[in-house]
Amino acid sequence: MLFSRTATILSLLCVQATAISPRGSAASYSSLDSFIASERKIALQGVLNNIGPDGSKASGAGNYVIASPSKTNPDYFYTWTRDSALTLKMLVDEFIFGNRALQPQIEKYVKAQAILQTVTNPSGTFLPNGLGLGEPKYEVDGTRFNGAWGRPQRDGPALRAIALMAYSDWLINHNQFQRAKLVIWPIIANDLSYIGEYWNQTGYDLWEEVLGSSFFTVQNQHRAFVEAGNLANRLGVESPGYLNALEALCFLNQSFWNGEYIVSNINVDNGRTGLDGASILGSISIFDIDGSCDSPNLQPCSSRALSNFRAVVNSFRFYSINAGIKNNSGIAVGRYAEDIYQGGNPWYLLTTAAAEFLYDAVAQWRNQKKLTVDSTSINFFRDLYPSIKLKSYTNRDNEFNKILNVVTKYADSFVAIAQKYTPSSGSLAEQFDRNTGAPISANDLTWSYAAFVTMAQRRSGQYPASWGSAAASVPPPNCASSSSQGVYVPAIAAGAPNVTATCQYPVRFYVNATTYYGENLYIIGNTTDLGAWNLNSALPMNAGMYTTENPVWYVDAQLTAGEPVSYVYVREQDCGQAPIYETNNRTSVVPECGTGGSTIRRDVWVGSGGSSGGC
Ligand code: NOJ
Ligand code: NOJ
């Protein structure tokens, strides 16, 4: 209600200003302007509330960004590398655009991530091979999360490097070259080592569901390679992994495009169309105000990105709340049409990302003073501007501004959808119900807030400096898989502990234990790898080989070589009844480092059985 009242006052005041506004009439947009102005503040504060240890909704967290304060259904009280990095990229840009009060948050992130890089976790260790950097999420105090999860996720290191590179540029431009080189660069170099070594291997996508090759991930890896190469030149150092920049571009260019849209995950067989809002997020996260619309990295203004945008948006018309909305007006956008997670609804961050994508494209055309319509992009334009022609419009053409205006208006209409379904408090959950529009799933999602702010930045003409996308924009004619061995060094100057290499030894545990449907088994033990007797960190076992004749559960664990362990198996009951532990401790010694091979342990459950609570 606050908004519409403000809107009326503003529309009275704004009549004159509108005459020169590129955005259209005051009557239709002043209310959106005031919504964005007030929601941008709420969103920035919403982000800060979710950063430990002082954020009002992050109590109990260390120096980490929590995904959401929600602790049940879903439990998002963890720190994800991806969500944190995207959030920090927004904060660094806010800082660069003038909000200097944010610097302590950025410095806190620098230190916390330097430490986090060294934490051994179920994806692996930091030394000697960097595999631990692919871990998607950690406990809010920065310790490992042992639960079953879609891991590794290889977008995290790229996104973190991108956030830290933006800050490094600012430091260099503000006479702090040494700090950029000696403190921040070592963290970036580890992440670049990781993606240089592993970019071409499959991993889980950003939605943590699909093991394959994700367009979003490769797009960000490509950006990180190129941007780090440019930064390394400024710093006078070598950038690990740079040689993969063009191979990643080649892969992007040749493998995901199906003639109409980007198939967001390939090397998978998951029965989906591949239309996915992730491809819109990818284009906005590699947006370069000086980028070329012809670049194969698919800048927002590229014909393929525009055609893809149209196809992805249209794939969400089946949501009831989108019924009847015309093709030239924004709708609610979700992850992908087949999604069922938490009801498979539209997401705030994807709906505002759609707007951001369009603001980016408009900014690029305006910057280049040119807009080329070809057979790939013409349908996108025709929906908005029916008399569009196959040609290049330049800023000397009087239609040029008209086209930019309709695209901007179209962008605004996506924000208006987000506005419509934002509660009057301004709080942003993860999703909103596809039938009723009511907020749903995790409340106060940090990423929803961060995405709102980046959209508002672009809408108000705030663009991050170029990441130098022109430097490596011509892929080789034939793609090859590539990998360069990484060098991993704890970023001690930034606060990382001086860890030394530990060797993990793969051990497969089998336990013969008859269970009822709904009961789960875990292994737990005295070492950190086995959860240090903390049930929340016990390793979940897998029933994939279980049969009535051979009721066996198993888990593949990575254990610290040479360490003596004591462990038991534990049964988790179906209705929250007390867990059932085995009645005696088992002991074993993990083989020494360098002995090669792997070990198998076969156990038989000792202790009482479980029974269903019948809930
Ligand atoms: C949690 C993930 O974060 C989410 O993306 C996924 O859809 C669900 N797990 C279900 O797999
Ligand atoms: C589920 C999303 O699919 C994933 O991308 C995100 O990292 C987590 N939730 C935490 O917000």
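The values are calculated or read from the model by the stated rules, or taken from the named source; none is laboratory data. The structure presented is a predicted model; accordingly, all values stated were derived computationally and were not measured. In this analysis, Cβ positions are derived from the backbone assuming ideal geometry, glycine residues included, and neighbour counts consider all displayed protein chains.
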For this session: State yes or no: is ARG179 farther than 26 Å from ALA305 by Cα, assigned to a helix (DSSP H, G or I) and basic (Lys, Arg)?
Result: yes
Problem set entry | Residues within segment 192-211 that are more than 15 Å from ligand 2 (Cβ to nearest atom) and in contact with a Gly (Cβ under 8 Å, 6 or more places away or on another chain), tallied | 9
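Search segment 188-222 for residues being assigned to a strand (DSSP E or B) and over 13 Å from LEU159 (Cβ atoms), and hand back the single one that is nearest to ligand 1 (Cβ to nearest atom). Please lay out each step first, then the result.
Of segment 188-222, the ones assigned to a strand (DSSP E or B) are 203-204, 211-214.
Filter again for over 13 Å from LEU159 (Cβ atoms), leaving 203-204, 211-213.
Values: GLY203: 14, TYR204: 9, LEU211: 12, GLY212: 15, SER213: 18 Å.
Here the residue is TYR204.
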Seminar exercise, completed: Within segment 341-389, residues within 16 Å of ligand 2 (Cβ to nearest atom) and either of a type in the set (S, T, N, Q) or modelled with pLDDT under 95 (or both) come out as GLN342, ASN345, THR351, THR352
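Does PHE400 satisfy the condition of being within 16 Å of ligand 2 (Cβ to nearest atom) and not hydroxyl-bearing (Ser, Thr, Tyr)? Don't jump to the end; show me each part of the working.
Working: within 16 Å of ligand 2 (Cβ to nearest atom): no; not hydroxyl-bearing (Ser, Thr, Tyr): yes.
For PHE400, the condition - within 16 Å of ligand 2 (Cβ to nearest atom) and not hydroxyl-bearing (Ser, Thr, Tyr) - is not met.
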For this session: Being of a type in the set (S, T, N, Q), in a helix (DSSP H, G or I) and either within 16 Å of ligand 1 (Cβ to nearest atom) or buried (at least 23 other Cβ atoms within 10 Å of the Cβ) (or both) is the filter here, so list the residues in segment 125-176 that pass it.
Result: SER168
Seminar exercise, completed: Checking TYR410, TYR449 in turn, the sole residue that is surrounded by fewer than 23 Cβ atoms within 10 Å (Cβ to Cβ), in contact (Cβ under 8 Å) with a residue 12 or more places away in the chain, outside any loop (DSSP other than H, G, I, E, B) and aromatic (Phe, Trp, Tyr) turns out to be TYR410
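Output the number of residues of segment 242-260 satisfying the condition of being assigned to a loop (DSSP other than H, G, I, E, B) and over 21 Å from the mean Cα position of the chain (by Cα).
Step one: list which residues in segment 242-260 are assigned to a loop (DSSP other than H, G, I, E, B), which gives 256, 258-260.
Then drop every residue that is not over 21 Å from the mean Cα position of the chain (by Cα), which leaves 258-260.
Matching residues across segment 242-260 total 3.
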Exercise. Restricting attention to segment 95-104, does a residue exist that is near ligand 2 (Cβ under 10 Å from one of its atoms), of a type in the set (Val, Ile, Thr) and in contact (Cβ under 8 Å) with a residue 60 or more places away in the chain?
Worked result: no
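Residues that are β-branched (Val, Ile, Thr), in contact with a strand residue (DSSP E or B) (Cβ under 6 Å, 6 or more places away or on another chain) and touching a residue at least 24 places away in the same chain (Cβ under 8 Å), at least 2 per element: which strands (runs of 3 or more DSSP E) completely within segment 531-615 meet that? Spell out how you get there, then give the answer.
Values: elements: 552-560, 564-572, 586-589, 599-604.
It comes to 552-560, 564-572, 599-604.
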Problem set entry | Residues (within 29 Å of the chain's Cα centre (by Cα), of a type in the set (S, T, N, Q) and part of a loop (DSSP other than H, G, I, E, B)) located in segment 465-501 | SER466, SER473, SER481, SER482, SER483, SER484, GLN485, ASN498
Seminar exercise, completed: Within segment 67-94, the residues that are within 9 Å of ligand 2 (Cβ to nearest atom), out of contact with any Ser or Thr (no Cβ under 8 Å at 6 or more places or on another chain) and in a helix (DSSP H, G or I) are THR81, ARG82
Seminar exercise, completed: Listed by first then second residue, the pairs whose first member lies in segment 135-149 and is among the small types (Gly, Ala, Ser), whose partner is part of a loop (DSSP other than H, G, I, E, B) and more than 12 Å from ligand 2 (Cβ to nearest atom), with beta carbons under 7 Å and at least 6 positions apart or on separate chains, are GLY142/GLY62; GLY142/TYR64; GLY142/VAL119
Problem set entry | Some residue of segment 111-121 being more than 14 Å from ligand 2 (Cβ to nearest atom), within 24 Å of LEU530 (Cα to Cα), part of a loop (DSSP other than H, G, I, E, B) and touching a Gly at 6+ places or on another chain (Cβ under 7 Å) | yes
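Can you name the residue in segment 307-343 that is on the phi > 0 side of the Ramachandran plot and assigned to a helix (DSSP H, G or I) and is also farthest from ligand 1 (Cβ to nearest atom) among such residues?
Going residue by residue through segment 307-343, those that are on the phi > 0 side of the Ramachandran plot are 324, 342-343.
Add one more test, that the residue is assigned to a helix (DSSP H, G or I), and what stays is 342-343.
Details: GLN342: 8, GLY343: 11 Å.
Once the filter is applied, the top-ranked residue is GLY343.
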Problem set entry | Qualifying residues in segment 253-312 (those that are among the charged types (D, E, K, R) and crowded, with 21+ Cβ neighbours inside 10 Å) - the one farthest from PHE380 (Cα to Cα) | ASP288
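Report yes if GLU107 is surrounded by fewer than 22 Cβ atoms within 10 Å (Cβ to Cβ), within 21 Å of THR446 (Cα to Cα) and of a type in the set (Asp, Glu), otherwise no.
On the way: surrounded by fewer than 22 Cβ atoms within 10 Å (Cβ to Cβ): yes; within 21 Å of THR446 (Cα to Cα): yes; of a type in the set (Asp, Glu): yes.
Answer is yes for this residue.
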Exercise. Which of the following residues is under 26 Å from ARG151 (Cα atoms) and either surrounded by 18 or more Cβ atoms within 10 Å (Cβ to Cβ) or charged (D, E, K, R) (or both): TRP553, TRP605?
Worked result: TRP553
Seminar exercise, completed: Considering residues that are without any contact (Cβ under 8 Å) to a residue 60 or more places away in the chain, under 27 Å from SER466 (Cβ atoms) and buried (at least 17 other Cβ atoms within 10 Å of the Cβ), the number found within segment 382-406 is 3
